[in-house]
Each structure stands twice: as C-alpha cells, then as structure tokens.
Amino acid sequence: MKTIMMLFQIVGSLGLFLFGIKLLSEGLQKTAGDKMKAVLNLMTKNRFVSILTGMLITVIIQSSSATTVMVVSFVNAGLMGLTQAIGVILGANIGTTFTGWLVALLGFKVDITVLALISIAFAGPLMFSKKAQHRDIADVLLGFGILFLGLNFMSHSIPDITGNVDTLAFLSAINNDTLWVNILCIIIGTLITMVVQSSSAAMAMTLTMAYNGWLGVSAAAAMILGSNIGTTITAYLASIGTSTTAKRAAWAHIIFNVFGSLISLILFHPLLTFVNWITPGNIFALSGTALSSQLPLFLAMFHTVFNVINTIIFFPFVSQYAKLIKRLVPAKAEYDEGTYHFKYIGGIFIDSPEIYMLAIRDEIKKMANLACNMLTRYRGMFNNPNANMESDVQAMKKDEEYADQMQEQLSDFCVHLLQDSQTPTNASSLNCLIRVMDELESVTDSCFNLTMLSQRRFAQGWVFDEETDKDLKTYQQIVQDFLDYVRDRMDKTLTKAEMQMANEYEEQINSYRNRLSQAVQERLSGGKADVRVELLLLEKIRHLEHIGDYCTNIAEAYHQAVKHTPMLQKHTEMSVSNL
C-alpha cells in the first residue's frame, strides 16, 4: 500500500510539474509572441543565426517540443526551408538544457517552496486584471510557481535512499557501468520522455532520482541521452498528414538526436571524463550523500556538453544533411494537383494563436498574388481574338476554384484561432484577415466573370468602337494598379496617407465607370447601338467597378484594424515579406 501511495505521489508531482511547464510556455508565447516573430525573420540569414534562434526561442518558451512543432508548422506552411529548420532544431536542443540548469541550481540548493509561493503570490492579483497582457504575465508567474511546487513534491515523494545500504545493493544492477545497462537506461529515458512528451520533465525526474540516490553517474547520463531521443516524438506526431518538407523537418530532428546519442554512447566514458574535468569537483571520487548532492549539477553539465558537441559536429554539414534527408524522405504527390490544403499543426505545448498569424498572412499574400495574376491574364485576352479562349477560361476557372478553397480553409482556420484567442488584439486581427480573404475571393469571382464575358464577345464577333476600347483599357489599367497597390501593402500597416491614395484610386475608377456608363446610355438612346454589345459592356464595367470596391474594402479593413489595434502595426511589420 505504501508503494502504491508513493507511486501516486510521484505521478501527481510529475503532473503538477507538466502543468507548470504548460502554463509557463503558453504565457511566454503570448507575452513574447511578437518578439518571437521578429527573431523568426532572422532565420534566413545563415545557419549560425538559425541555431541562435532555436536556442533563444526554446529558452523563451521553455519547451524544445514547442519549438520543434513550431518549426514543423512553419515548414509545412512554406515559411521556412529545410536548411533553416535544421539550424533551429540544432539550437533548440541546446536551449532545452536551460531547464536542467534551473532544476540543478535551484531545485536542490534552496527552498523552492518559498520561490513557488512568491511567484504565485505575484500572479494572484494579475490574474484578475482587465488587461490581457497582465493576465499573460500572471500565467508565466503561475507557471513558474506550479513548476517549482511540482519539482518540490517530486523530490519529497521519491525517498532518499543514500543511507540505505540494502536498497542501494538492490539498485546496483541498473547502476553497473556496462554497455547493456547503459543501453537499457537510454531505452528507459526514451520511453519516459515519449510518455510525458517533455524532455524537461524527464530531465527533472532523472535529476531528482539521482539526487535521492536512485541513479548513479552512468545510469543517469544514459537516461539523459534517452530523453533526447524521446523528445522527437512530439514533432513526429505533428508532422503526420503534413507536407513532405514538414515530414523531412521532423525526421531531421529524429535522426540528429538518435545519431548524437549513438555517438555519445560509443564515446561514453571519454565524454563523462571530459564533463567531470570541466565541472567543479571530482564526481568519480564521491559516494553516498556527497555524490547525490553533486550529481544534478554534473548531469546538467553533461546534458549541455552533449548537445553542444552534437551541434558542433553537425554544423558544418547542415546543407549536406538536408540533402541526405531529402533522399531519405522523397517527395510524393500528397494531394490532387490544383487543390489547396492548409494543414493546422498543434501540440501539447503549442496552443498560442500568435505563432500562426505569420503563416496566415503569407497565405493571404499568395491569394492576393493569385487575384492579381487572374486580372492580368484577363487583360491580356481582352483585345486578342486569336487567344485560345477555351484554354484561358479553363485556367481561370481552376484559379477561381483554388481561391475558393483558400478562402474556405483559411477562414475556418481563423475561426478556430478566434475560439482559442484570449486577447482583443488577436480577435481584431483575425476578423480583419477573414474580411480580406472574403474580398479577395470576390475579386477572383469577378475576374472569372470578366473572362466569360470576353469569351462570349469573341464567340459572337462583337467589337467595340475605338474610343470605348481605349477608355476600357485605361479603366482596366487603373483597376489593375489599385489591386497591385493593395496587394503590395498587405505585409505592413496602411497609413493615413496610403488610405488616402486608395480613396483616390476609388475616385478614378468611379469617374471612368460614370464616363463609360454615360456613353452606353447615349448610344442606346440614339437607337443605333447593338443592345447585346452595350449590355455586355455594362457587365464588364460593373465587374471592374466591383473589383475596385473590393480593393477599397481591403484597404479599409487593414486601416481600421490598425486604428483600433495598435499591436497590429508590430504584427504586420514582422510579416513574411522578407522570407
């Protein structure tokens, strides 16, 4: 009965520790979301910056699992290449060692219950603040407090057996420094990390068992190697059902950690000797309580040295490693050609809407490019009776259907984020993006309708008079310029001056609409015009005016979102235009 109660205490303490990590990670993602996006923009610079980025983000959000899932999601969305992803993954493995140092230096050296209660005390009043930013900070402080409490309960629920000779004799079987025992400990560490899906939690458990005399130097170090393998399961699960490139990123993480652990196992004793040399004291000369109290610091150093050396070995060969991964995970057709798929990737430690805003904005920019290209294609066939109209119409129909799929899937995704969003900033930004997608989809509808009108015109052999033809070309050019103008400003805030320019475009379009419509009415009143031609011309004028209206609505959506949401300016300035 006593053993069962102890088991429940250990599991409960671990659950408390995991809950603390989750709260801490989510709070930090919300408070530092914009800063993370700014750092993400640096990842295309070079491999060294990519590694530093991975380290920084992992330290900020306190979860290598969240970082790697984030990497897989950005690769899947096309915001990051495989080479940059590998660099970030290398850095994330170094960044995750921060938790081990936190546990080793604070978990067993000071009374962390006091730290936990102080952190929770500061979090209490902030939890009831009307400001979302204060509530996010409360999550961070509360996460720290619960994390420390979980660690404290864990250290007390695992009994100290350093003074119990009989128990130590029983455990000597797994503390023997042999190859097979070390492999067994690696497997145990891997399985524990897979179950809890957190290398930080597995590291805390290993340090706690070592501190209480359950594990020796070799066994504990081998379990740490196993935790590095087990942490790859989260990214792998996130990559299921995603693009080939996203799967490659997940496999790059798996192979890197497994290969590094195998190399460390082969050079296990030299590595332990090196870590002992750079760590204060001689761990091999200690025993009993002295060994247990010094072991957490030694293991934190071992974890860091292992990941740093592993990164140094891989660093010069990142490009070659990316090519190897591409060969191991070949590309294949995942969806029917011409269909759109936007895959939502989530994870146990990655529930913050902020990190997905970048991907959504990039997809909307692609949608705007599609609309601009459709209007350009229509203008190319406007006065070209020799064009292959059937082929052009089919191509425009595919593009219009593709835009429909983009609008439907991205809007559904934004609605999903709105349901999770806790801040007015997110709600305002997401509602703005939903409106923009709806307007862009309407632009593509009008472009397709204009194409159908041209097909009917050429099929009937209808022609416009020279003046009308000239005015229509100018009218279409203004509409094209307006659409391009709005498209080019989707990755930054729309200032008051730029909004004024958008209104001027709208006025020009209305002026030409009135001029062309008046000319149609005059010709119809004269009784000499072909009614069918004039009605078709009015339809063209109407659709072109609608595109201008849609562009104005897009400009107003961005302008009003910025006016009511100051944070959007930072959000959009750190968009994907440089990726």
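Nothing in this text is a laboratory measurement; each read-out follows from the coordinates by a stated rule. Quantities reported herein were computed from a predicted structural model and do not represent experimental measurements. When we count neighbours, we look across all protein chains shown, and the Cβ atoms used for this are built from the backbone with ideal geometry, even at glycine.
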Region 89-148 and region 214-232 have their Cα centres apart by a whole-number Å value of 24 Å
Inter-part gap, Cα centre of region 477-528 to Cα centre of region 296-319, in whole angstrom, is 60 Å
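Go ahead and run the numbers for FRET between N514 and A427, Cβ-Cβ distance against an R0 of 35 Å, rounding to 0.05. Could you put the intermediate results ahead of the total?
On the way: r = 39 Å, r/R0 = 1.11.
Approximately 0.35, to the nearest 0.05.
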Tell me the Rg and the Dmax, in Å, that the Cα atoms of region 354-578 produce. 19.2, 64
For F48 and F342, compute 0.36 nm times the residue count separating them, minus their Cα-Cα distance, and round to one decimal in nm. 102.8 nm
What nm value, rounded to one decimal, do you get for the distance between K366 and F128 when each label is placed 7 Å out toward the C-beta? 4.7 nm
